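What follows is a single structure, written as structure tokens, with notes after it.
Read-outs: derived from the displayed coordinates by stated rules, not from any lab. Keep in mind the model is a prediction, meaning the values are calculated, not measured. Positions of Cβ are generated from backbone atoms using ideal geometry, with glycine treated the same way; all protein chains shown enter the neighbour counts.
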Amino acid sequence: MSDTTHAPAKAAPHRTPRAYLWLAGSLLLLALPFYLDRFWLQAGLFAMAAAIGAIGLNLLTGATGQLSMGHSFFLAVGAYGYCVFAGESGEENGRQLTGLGLPTWLAVVLAVLLAGAAGGLFSPIAGRLRGAYLGIATLALIFIGQHVLFNAGDLTGGFNGRDVPVLSLFGFDFDDTEVVIAAVPFGSSEKLWYAGLFALLVGGLFARGVLRGRPGRAMNAIRDHRIAAGVMGVPVARYRAAVFVLSSMYAGLAGVLIALIFQRTVPDYFGMILALEYLAMIVIGGLGTVAGAVVGAAFVALLPQLLTHYSDSLPLVADPGSGGVTPGEASRYLYGAAIVAVVLFLPGGLTRLSVPMVRRFSREKS
Amino acid sequence: MTTFVELLLGGLSMGSVYALIALGFVVIFKATEVVNFAHASLLLAGGYVTAVLHDDIGFWPALGVGIAGAAVVGSAVEYTVMRRYRGADHSVLAIVTIGVDILLTTELTRRIGTDVLALGDPWGDKLLTVGDITIAQTRVAAFVAAALLITVFLLAFRYTTWGVSMRAAAENPQTAALMGVRLGRVSLSAWAVAGSLAAVAALFLTVFPTPGLERATSLAALKAFPAAILGGLDSTTGALAGGLIVGVTESFATGYQSDLTFLGRGFGDLAPYLVMVAVLLIRPAGLFGTKELARV
Amino acid sequence: MKRRARHTNAPRTGAALLVVLALALAGCSGKATEGDGKGEDAGGVKTGQGVSDKTISLGVLTDMTGVYASLGKSVTQAQQLWADQTNKAGGICGRTIELTVRDHGYDPQKAVAAYTELEPDVLGFVQFIGSPFVAAVEKRIDGQDKGLVLPQAWSANLLGSPYVRVVGATYDIETINAIDYLLGNERIAKGDKIGHVYFEGDYGENALVGSEYAAEQAGLTIVEQKIKPTDNDMSAQVAALKKAGVKAIVISAGPRQAASLVGVAAAGGFNVPVVGNNSAFAPQLLATAAGPALMKDYYIASSTLPIGSDEAAPKKLATEYAAAYPDDGLDNGVVSGYTAASLYGEVLKKACESKDLTREGVDKALLGLDAFSTGFGITHDFSDPAAPSTRESVIMKPDSKVPGGLKVVQEARVAEPAEGFTFGG
């Protein structure tokens, strides 16, 4: 927390408790794989992947004001890109698959770059469109993506998806062969937990750097008033394209992580519902900030799991098939209501909850 | 040749239904600058009311109640949610409508459950045959109803006080408000109109040749997105043109699937979106949309 | 929603972390001390995951709020009925059966999460809807979990695993049998074209493998029409097939698509027989406008007798199910769910006899089961994991007068080409 120059007088009393909070939080996160079941670790991993993707979307939609409904397309590019780069050519489920067989770390990097390139390819269109037009044009990406995933069988495995090669770093495999650490057997979820944390940390810090520096101010200027930003000397078109590419790269990284968690790509996953979920995440958490994306992602990814897991002890939630509101439906009600409620009553998202009222300030549009 | 004409007619009639849905989008967008993703659930609500009531009170009254019901749901959404938003970012409001859509759709699908509900329409599976061309009567009815409604709407938009205030609100909300246009009412009526148009569309989406209303019916509203964008989000003419283009494109892409295998099978769903992207590349505001003029 | 980029995110981030932690800690368990739960009870029966002295837990991964909601509901309720009946009759191996149900709403993430959640606590899964999700966890099932999973899907892609076992003929075999029915009744002949309307995905594409094989054997030509589950109006497909001059249509899609296809074809005077796979029919359709057309010249191939059959077992099940769930209609999901559950029960009994209720014991018991029948018309053989449990199909025809809406027109049999069909080719 070095950059509290904004309010130096206030910073001093805040520093110590905040540092402790960070330390405690980090330790706890690092310790979790030793205590939690695979189910909860997996839920946490899904939340981490979602958080990385949501950070990317928040850069694009939250900070720069470009509505994107095609985020899941870039996740798919990342997930499938990783499989193609790292996978071996060969037959799987009676289908001939193409793979380049590269080292997995390189495949991760290339998959992220590929997602960025896909974003770059779309940016001529993105650069010409605004607001709702851009939102619905990006919806086209999802339909194109689904079509390709189901039809380009030798790359994607078609409806079957394809096996995701195990991530391997410096000879350490993130697979299900058990490694016993401190009497706790480590499977793929425990190992991936740390990879996910690392990816989220790097992604989060980088995005925070972008948002807090010059580019972030330029992006917000574009969001708030595109033409004024241009007049002030912000290269609007270049920024918009660059943010689109960056956001796609985040989605690509999230896609790689999702693929590693699933251990197999499922084409149905990368559809419109997922893209809408990402939009819900950034709105619920808070637009334009890294923390907002992370909180929103945790909320959207964990809520259904919690409701389902504790459905037995929750009032008003009935067992599936008994005619009442099922856990699946209950979580959809809550999640829909959360979007509406947050926007109406908590503009700024859940992350605003912890900010003292004094520091809250809003700005009227010029 | 017969196939060509049949596909064309089928596409046009389907397209006119899409146009009805797209018109709803456009009306809301014009009045409030919000893209309404909750449109699918308005459609489902209208269809559901009609389907539930037609056995007891007959088809036409049920349809009337369905249209009114969807209008009420639409206005309720506007009144309880959209109006309460104090920010200025319309993308955020668009995302709110996603939340509303999730709420409404979950409730409606829970009620519909696993049923396939008939709407009790008078056309059944009867066909109209002219020469060697046959087309379902429901499709003719869809085309006629859509044409009628769209005409009525365009006229109302041009000549009634309501239409003038709506256009004024679309042009410049502040000035319109100063001139005495009640923006709240304009936006409320826009949502009501969109709801009732969606209810009519729901009828034609669920009658023959589709088996009936069920939980996935609302997905058809997705086809109206490219339709509305293609034509231009703030253009009523555009909604009509966009709907027809989407309908015809889809129909041809499906009907001539065997000749288009190099694109991969199942291309029909994708085709409208590709047309949309192509149009947007050339005309970023759609075919009939007004180009944004910026005030600094 | 306008605001400046601000500098102090940390308290919020910290709070966010705490929320995550609080949520996560709620599910805490003594992980390091956990063994594999293996043991032996007083009667010398070896037990493992999901089996205690009093209960046997089985998982149900179903879809009651997504695209397969109607199937999921019937299957799950039928399995619940089976569990209740079994428990009333004293349970199995002195233990009661407990079903833990998770509804994934056909969402891959929820499905995989639900599998991960239930896997450590159940012996196996008596239902798993959504073959893409089964495929997603198959590596884990084969690699370490090794619990017996009975998917409610009949795709040949699921064959080959000793733990994921398809109950009934796979879609390819079913399609071959369906086409053979048309050939046998001289509705089509060598040289004819037949249309195949199929879903994108493993169901439709697996059925297509079957129809292509059957066509090759019988000298037919297939005219393909691929559709998506969101397509509800088959006018364009019918127009295209009519243009191609097909003599019959195979449909491997959902009930709605079948109803639309048959309805459109009949209304347009395009009178060709239509055959569908077991998933291409739902009794609710008979009440819609397409009802009369469906009853005219539409046939369904399936690996069970219909619930409306006069045989003793379907009749008994229909009565009992109607008594337990008076508000819900009867359909073939009830039969297939009940069959899968009964199979699980049979396997558990065998495993109990060999005093081994662990997952290994259950798997071994299943491999030894080569003539399983519950009176639903077909005898299943589970000794070969690479083949479906049967190659027979019953051909049925919609009839609104029968409960469940289907009556048998041809008893279970294997078509000659289906005998020689090899999987995964």
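Values for this structure:
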item	result
In degrees, nearest ten, helix C:312-324 long axis to first principal axis of chain C (Cα)	60 degrees
Lysines with Cα under 20 Å of C:Lys190, excluding same-chain neighbours fewer than 8 positions away	C:Lys242, C:Lys243, C:Lys247
Relative contact order for the range B:2-218, counting Cα pairs under 8 Å that sit 6 or more residues apart, in percent	40 percent
Label-point gap, in nm, between C:Gln85 and C:Glu416 - each point 7 angstrom along Cα→Cβ	3.9 nm
Chain A, relative contact order [Cα under 8 Å, separation at least 6], %	27 percent
Translational D in µm²/s for the range C:114-157 (Stokes-Einstein at 20 °C, 1.002 mPa s, Kirkwood Rh from C-alpha pairs)	202 µm²/s
Longest to shortest principal axis, alpha-carbon extents of chain C, angstrom	71, 68, 44
Contact order relative to length of the range C:173-248, as percent, for alpha carbon pairs under 8 angstrom and 6 or more apart	41 percent
Separation of the A:Glu178 and B:Thr80 label points, Cα + 7 Å toward Cβ, nm	5.2 nm
DSSP bridge orientation in the protein assembly as shown - percent antiparallel, rounded to nearest 5	45 percent
Highest to lowest packing among B:186-194, C:56-64, A:144-152, scored as the average C-beta count within 10 Å	C:56-64, B:186-194, A:144-152
Per-selection metrics, the range A:199-318 (Cα): Rg and Dmax in Å	17.8, 59
Of every Cα-Cα pair in the protein assembly as shown, the percent that sits beyond 40 Å	44 percent
A:Ala337 paired with C:Lys364, simple spin-label distance in nm, labels 7 Å along Cα-to-beta-carbon	5.2 nm
DSSP H segments from chain A that extend 30 Å or more along their own axis, Cα-based, with Kyte-Doolittle mean of -1.0 or above	A:8-31, A:104-128, A:131-151, A:188-212, A:236-262
Reciprocal of mean inverse Cα separation for the range B:2-218 (Kirkwood radius, Å)	18.0 Å
Summed side-chain charge close to B:Leu20 - residues other than B:Leu20 whose Cβ falls under 14 Å, Lys, Arg +1, Asp, Glu -1	+2
Angle in degrees between helix C:108-118 and the longest Cα principal axis of chain C, rounded to the nearest 10	50 degrees
Alpha-carbon centroids, the range B:97-161 and the range C:339-386: separation in whole Å	51 Å
Mean ellipticity per residue at 222 nm, deg cm²/dmol - from DSSP H runs of n ≥ 4 across chain A, formula -39500 (n - 2.57)	-21500 deg cm²/dmol
Between 0 and 90°, nearest 10: helix C:69-88 axis offset from chain C longest Cα axis	60 degrees
Rh by Kirkwood over Cα pairs, then Stokes-Einstein D for chain A at 1.002 mPa s and 20 °C, µm²/s	99 µm²/s
Reachable lysines, given that their alpha-carbon falls under 17 Å from the alpha-carbon of C:Lys355 and they are not under 8 places away in the same chain	C:Lys38, C:Lys46, C:Lys54, C:Lys364
Relative intensity, log₁₀ I(q)/I(0), of the range C:283-413 from a Debye sum that treats every alpha carbon as a point, q = 0.17, 0.20 Å⁻¹	-0.92, -1.12
Charge tally in the Cβ shell below 14 Å around B:Ile282, where Lys, Arg are +1 and Asp, Glu are -1, B:Ile282 excluded	+3
Furthest towards positive pole of dipole, B:Leu149, A:Phe46, C:Ala282, structure part the protein assembly as shown, Cβ charges	B:Leu149
Straight-distance crosslink candidates among lysines, where the alpha carbon sits under 17 Å from B:Lys126 and sequence neighbours closer than 8 are dropped	C:Lys296
